[in-house]
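The values are calculated or read from the model by the stated rules, or taken from the named source; none is laboratory data. Everything quoted here is computed from the prediction, not taken from an experiment. No Cβ is skipped: glycine too gets one built from the backbone with ideal geometry, and neighbour counts run over all protein chains shown.
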Amino acid sequence: MAFHQTPFDHIGVWSPQPRLLPFLQGTCFVLIEASRFAVSTLLIVLGLPLFAFLFLAGWDLGLLFTQLANLADHYRDADAIRRIAFSQDLQGVFLATSLGVLLARAPRFLKRLEKTLAPPASQETDNG
């Protein structure tokens, strides 16, 4: 036994109560899965414009960058009010697309969470 105990000596020995542990594990699992779902949804939404522009350009990167340069030139030459309007339009489209993708993917995500978090079915057989 140590001669002098500090307030931090008990930290390494602490363990959660047995009934609290499944709750903590479930909470961590839900947070990890929800963040995974949110990040993958965001990546899908950010990848959709690239897919659309490549599709419109006939999968030719040269045409894609020509169109992007044209768009950048028009944006640079526009006055401040039109730039703000364009930025607000882009934000609106981004939010609407995000919401659409989120609503389309949410049912499958919730079913997967429900299936994973459901208590295991009992393996007892009725030999009655």
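Quick grid of which residues meet (1) at pLDDT below 95; (2) of a type outside the set (S, T, N, Q):
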{"residue": "26", "(1), (2)": "yes, yes"}
{"residue": "52", "(1), (2)": "yes, yes"}
{"residue": "59", "(1), (2)": "yes, yes"}
{"residue": "64", "(1), (2)": "yes, yes"}
{"residue": "67", "(1), (2)": "yes, no"}
{"residue": "77", "(1), (2)": "yes, yes"}
{"residue": "87", "(1), (2)": "yes, no"}
{"residue": "92", "(1), (2)": "no, yes"}
Which numbered condition residue 87 fails, given (1) without any contact (Cβ under 8 Å) to a residue 40 or more places away in the chain; (2) hydroxyl-bearing (Ser, Thr, Tyr); (3) closer than 30 Å to residue 32 by Cβ:
(3)
If you take the residues of the stretch 63-74 that are exposed (fewer than 12 other Cβ atoms within 10 Å of the Cβ) and either among the aliphatic types (A, V, I, L, M) or under 28 Å from the mean Cα position of the chain (by Cα) (or both), which of them is farthest from residue 53 (Cα to Cα)?
72
Can you tell me which residues in the stretch 103-120 are over 13 Å from residue 26 (Cα atoms) and surrounded by 12 or more Cβ atoms within 10 Å (Cβ to Cβ)?
105, 106, 109, 112
Within the stretch 75-87, the count of residues that are more than 19 Å from residue 50 (Cα to Cα) and assigned to a helix (DSSP H, G or I) comes to 8
